[in-house]
Amino acid sequence: MAMASAFGHDFDRGLAEARQAIAIATEIEAKPVWAGGYFTTGLIHAVTDHLDAAREEIDRAITLSRSGG
């Protein structure tokens, strides 16, 4: 849902949904969902001109993906 909210330009909602997904994925160690959440927050930060935050989040997504997620 976070990505759908982002594509609908509801960035605050998208961030909230992605952060919720990250929190749940962290608890159950669901690395693909965890990485997807960070990718989504990174994308939203990038399109809203928060480039430093975008880089951090996308780097986290890449790290998680490479670790088997």
Suppose a student asked you for the relative contact order of the chain, using Cα pairs under 8 Å spaced at least 6 residues apart; what percent would you report? 29 percent
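So what's the net charge close to Leu51: Lys and Arg +1, Asp and Glu -1, counting the other residues with Cβ under 14 Å from its Cβ?
Here the charged neighbours net out to -4.
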Expressed in angstrom, Rg and Dmax over the Cα atoms of the chain are 11.1, 32
Residues of the chain: accessible area per residue with a 1.4 Å probe, Å²: 64 Å²
Summing Lys, Arg as +1 and Asp, Glu as -1, what charge do residues with Cβ under 15 Å from the Cβ of Gly37 carry, Gly37 excluded? -2
GNM, the chain, Cα, under 10 Å: largest mean-square fluctuation among Ile24, Ile58, Ile44? Ile24
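The values are calculated or read from the model by the stated rules, or taken from the named source; none is laboratory data. The model shown is predicted, which means the values in this text are computed figures rather than measured ones. No Cβ is skipped: glycine too gets one built from the backbone with ideal geometry, and neighbour counts run over all protein chains shown. Ligands, DNA and RNA are stripped out before the accessible areas are found, and what is left, the full protein with its side chains, is counted by its heavy atoms. Shrake-Rupley method; radii C 1.70, N 1.55, O 1.52, S 1.80 Å.
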